[in-house]
Amino acid sequence: MHKSVSDFLADIERHFDEIDPTRKSELEKISSFIREQEQKGEKAQLTFICTHNSRRSHLSQIWASVGAAYYNLESLVENYSGGTEITAFNPRAVAAIERAGLKVENPGGENPHYLIRFSDEASPILCFSKKYDHQGNPSSNFVAVMTCSHADENCPFIPGANFRVAIPYVDPKESDGSDQETQTYDERNRQIATEMLYMMSKVRG
């Protein structure tokens, strides 16, 4: 794992006690699902869903994947993301993960298929905006993790999901174009990274 990333994770690992207990309870439901799938000899599949698949769901997918690698759980879990609509992975969110130490390859285009790297050895994480039922995402036996309240309220049924968990985040989009833009995106990125890392840390108890 790149030192910049491992240093970032080691720092946020010290802030698990700042996570709201109610949110911890929801995150631990997913940790338990991963353990249960392991006991069955199956991989756990997690699909993170927000409205546009442009910010929060991508950040959740990325940091869940990085967290799995950090705790040596890569063989147990696969992480996906999707939206109720298709837009693009927002460049402000991309910039936030770069500031956290991740390496990003941007091929360009209207809806770029970004390659996100946290290690020279691991395969890159592919991120582009898509609907949650995209053919590349699981169609059955997965957890639907709702990362925004709008998607949670307007998409009450996710076909094929074993169950759903709501872990909504405030949309950093609210700061777009303001003096607080960079700070807001960094804060949201850090919050999501902390909670995804906590979730993976609880898989082994």
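The values are calculated or read from the model by the stated rules, or taken from the named source; none is laboratory data. Model, not experiment: these values are computed from the prediction. Note that we place each Cβ from the backbone using ideal geometry, even for glycine, and neighbour counts take in every protein chain shown.
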Return the residues of segment 133-160 that are at pLDDT 95 or above and closer than 25 Å to Gln191 by Cβ; say none if nothing qualifies. Asn137, Phe142, Val143, Ala144, Val145, Met146, Thr147
What is the residue count in segment 85-107 for residues that are part of a loop (DSSP other than H, G, I, E, B) and either farther than 30 Å from Glu42 by Cβ or under 16 Å from the mean Cα position of the chain (by Cα) (or both)? 10
In segment 3-60, the residues that are buried (at least 19 other Cβ atoms within 10 Å of the Cβ), assigned to a helix (DSSP H, G or I) and aromatic (Phe, Trp, Tyr): Phe8, Phe33
Please work out which one of (1) of a type outside the set (D, E, K, R); (2) out of contact with any strand residue (DSSP E or B) (no Cβ under 9 Å at 6 or more places or on another chain); (3) within 21 Å of Ile30 (Cβ to Cβ); (4) outside any loop (DSSP other than H, G, I, E, B) is the condition Val145 fails and give its number. (2)
Please specify each residue of segment 61-84 satisfying the condition of being more than 21 Å from Thr194 (Cβ to Cβ) and not in a strand (DSSP E or B). Ser75, Thr84
(1) modelled with pLDDT under 95; (2) under 18 Å from the mean Cα position of the chain (by Cα); (3) of a type outside the set (D, E, K, R); (4) buried (at least 16 other Cβ atoms within 10 Å of the Cβ) all hold for Phe163 apart from (4)
Within segment 166-181, take every residue that is part of a helix (DSSP H, G or I) and out of contact with any Lys or Arg (no Cβ under 8 Å at 6 or more places or on another chain) and give me the one that is surrounded by the fewest Cβ atoms within 10 Å (Cβ to Cβ). Glu174
Exactly one of Ser60, Ser75, Ser31 is modelled with pLDDT of 95 or more and farther than 18 Å from Ala166 by Cβ, and that one is Ser75
